[in-house]
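The values are calculated or read from the model by the stated rules, or taken from the named source; none is laboratory data. What you see is a predicted model, and the numbers here were worked out from it, not measured in a lab. For neighbour counting, all protein chains shown are included, and Cβ atoms are generated from backbone atoms with ideal geometry for every residue, glycine included. All accessible areas refer to the heavy atoms of the entire protein, side chains included, with ligands and DNA or RNA removed. Shrake-Rupley method; radii C 1.70, N 1.55, O 1.52, S 1.80 Å.
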Amino acid sequence: MRKIGDHAVVLGAGIGGLLAARVLSEAYAKVTVIERDALLPDSEARKGVPQGRHVHGLLPRGKDILEELFPGFGQDMRTSGVVECDALSEVRFTMAGRTLKRVSTGHRAFQASRPHLEHHLRRRVEALPNVTIRDRCDAGAPVVSADGTRVTGVAISDRSDGTRETVDADLVVASMGRASVVPAWLDKLGYDRPAEEGTTIDIVYRSAFIQLPLDALPRDKLVTIGVRDLPPRALALFAVEGNRHILTLIGHDGEEPPKDQAGFLDFAAAIAPPDVRDAIKNGELLGDISTFRYKANLRRRYERLARFPEGLLAVGDSLCSFSPVYGQGMTVAAIQMAVLRECLARGEKDLATRFYTAVTPEIDNAWQLTVIADGAMPHVSASASLPVRAAVAALDPVLIAAERDATVATTLYRVMGLVDKPSALLSPTIAARIGIANARAAIENLGGLLRSVVTVG
C-alpha cells in the first residue's frame, strides 16, 4: 500500500488500538500509539482493561483477520501455550437450555486469557519498524486547523515525568474504550455528537482462575451455560494457557455472583451440569475473584452525522460496545480494522465518511445477534420492534434444530462467529433442515408424553 501521510497517532493500546496501529503502519510513514497505563513486559491484566480478567473469546472471523494481519500469528499462539480448540467438537455450548450438536465445523479456536493475547499482539506491533508505543501518557485536547475542519494533532502529558507536548498527526484514531472522548471533542469543536442507542442489560461478572483435576472434562475445552430460567444466571468455563481455566459466573438484572470463595462455588454449582459441577468442586481456585459490571450495550451512530472533522476517527468500543456475554468485542474490533485497511487503500480524502459507511453493515450483523439473544432471556421485556420480536420467536426452533442437525449447528456457529450473515439461517436448505428437525423433535416429545401416560395408566 502506498503511504498517504507522514504520521498517524492511535490513542489506546488495547486490542482495537494495536490492530489500528498495524493497519495504519501500511499507510503512514510513522505511527505512534499513546497509552495511559504502564505496559508491563509480561501477560498481566491492567487497570485500563477492567474486563481483562474475565473470559474472552476470539471468534472465527476475528482469528482469520489476525492471521491475515500478522502472518504466523497462529503458530506464535501455539508456541506460547494457548489452548487450541476444535469447534464445536470440543465445545459444550448451551443457550436457552439447548446444547448445540457436537460437530467439527472446520474452525479451530485459540483460547487464551485477554492479557496473554494482548501481550503477544503488542509484541508483534512493537516489532513493526515504523510503530512506536508510548505508555504512561494521557491524551488531552485535539489540535485543530484554524477553520476547525481538521484535527492536526493531540496534546500529550507524560505521566512518568510530567512533561507536556503537542504531537502533530495527519490522522488521530481514538480507541480508548466506550467512555470515549470523541463526542466531547466534537461538541467543543462545534460539531454534533453522534446519536447513541443501546439496551440496558445490567450484568455483573465475577471470575477467577481455577485449576481442574487432570482430564476432569476430557471432551470440553469450553463450556458455556446461558440464561434459561429465573433467576437469570450464566456460566463460562474456558481452558487457557498455563494448564488453567477461567471460571466466569454471570448475574443479570440485579442477580450477582458472590464475592467470597464458598458463595462463588455454590453459585457455579447451582448452574453447572453434574460433571462440570464435580470438576469445579474438585478444582482449586487460583488468586482473587475479580468483578466487572456492564450496564448496557452502546452504539454511537457516527455514520449519521452530516459533518465530521477530517483527520479523526473513533474506533473499537468507542464506536460500539457489545454485551460481553457473546464474546464479540475483539472480533468486531478486528472487523473494523479490516474495513479501515480497505478504506485507507483508497486514500485519505473523506476517510471518516467512507469508513463509517462501510463498517455500519458489519456492525449491524453483530448488533442484531446481540439484540436477539438478549431479547430471548426470560427477564427481558419484549422489544417494541416487530422484526426483533419475530427473530426472538424464531430463535428456539433454530436452537432445537442445532441440537440435532450438524449442518444447522455449523451454520449457527458460523453466524455467531461473524463469518456468515444472520441471513444464512434463512437459506432454503437450512430453513428446510430446521423444519424437519423441529418436526422430529415434536414427534419425539409426543412419543414421550404418550409413554408417560401409558406408564401412569
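So which residues in region 116-163 are free of Cβ contacts under 8 Å to residues at least 12 places away in the same chain and farther than 18 Å from ALA8 by Cβ? Before you say what the answer is, go through the steps one by one.
Taking region 116-163 and keeping what is free of Cβ contacts under 8 Å to residues at least 12 places away in the same chain, we get 123, 126-127, 129, 145-147, 161-163.
Matches in region 116-163: ARG123, ALA146, ASP147, ASP161, GLY162, THR163.
Quick check on region 175-185. Is at least one of its residues over 22 Å from the mean Cα position of the chain (by Cα), closer than 25 Å to PHE322 by Cα and either at pLDDT 95 or above or of a type outside the set (A, V, I, L, M) (or both)?
yes
Within region 384-402, identify whether any single residue is in contact with a helix residue (DSSP H, G or I) (Cβ under 7 Å, 6 or more places away or on another chain), open to solvent by 20 Å² or more (accessible area, probe 1.4 Å), in a helix (DSSP H, G or I) and among the acidic types (Asp, Glu), and answer yes or no.
No, region 384-402 has no match at all.
Give region 216-246 a look and list any residue that's of a type in the set (Lys, Arg) and farther than 22 Å from HIS116 by Cα, or say none.
Of everything in region 216-246, those that are of a type in the set (Lys, Arg) and farther than 22 Å from HIS116 by Cα turn out to be ARG219, ARG228, ARG233.
For (1) outside any loop (DSSP other than H, G, I, E, B); (2) in contact (Cβ under 8 Å) with a residue 24 or more places away in the chain; (3) under 29 Å from ASP86 (Cα atoms); (4) open to solvent by less than 10 Å² (accessible area, probe 1.4 Å), each residue gets a yes or a no:
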site	(1), (2), (3), (4)
LEU217	no, yes, yes, no
ILE246	yes, yes, yes, yes
ALA270	yes, yes, yes, no
ARG277	yes, no, yes, no
LEU285	yes, yes, yes, no
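Failed condition for PRO378, given (1) part of a helix (DSSP H, G or I); (2) open to solvent by 50 Å² or more (accessible area, probe 1.4 Å), with all others met?
Failing condition for PRO378: (1).
Of everything in region 339-377, what is touching a residue at least 60 places away in the same chain (Cβ under 8 Å), under 23 Å from VAL415 (Cβ atoms) and touching a Leu at 6+ places or on another chain (Cβ under 8 Å)? Give them in sequence order.
ILE363, ALA373, ALA376
For region 67-87, which positions are open to solvent by less than 10 Å² (accessible area, probe 1.4 Å) and at pLDDT below 95?
PHE73, GLY74, MET77, CYS85, ALA87
Looking at GLY329, GLY316, GLY347, can you tell me which residue is within 19 Å of the chain's Cα centre (by Cα) and open to solvent by less than 10 Å² (accessible area, probe 1.4 Å)? Before the answer, list the steps.
Values: GLY329 fails: open to solvent by less than 10 Å² (accessible area, probe 1.4 Å); GLY347 fails: within 19 Å of the chain's Cα centre (by Cα).
Step by step, each of GLY329, GLY316, GLY347 is checked, and only GLY316 is within 19 Å of the chain's Cα centre (by Cα) and open to solvent by less than 10 Å² (accessible area, probe 1.4 Å).
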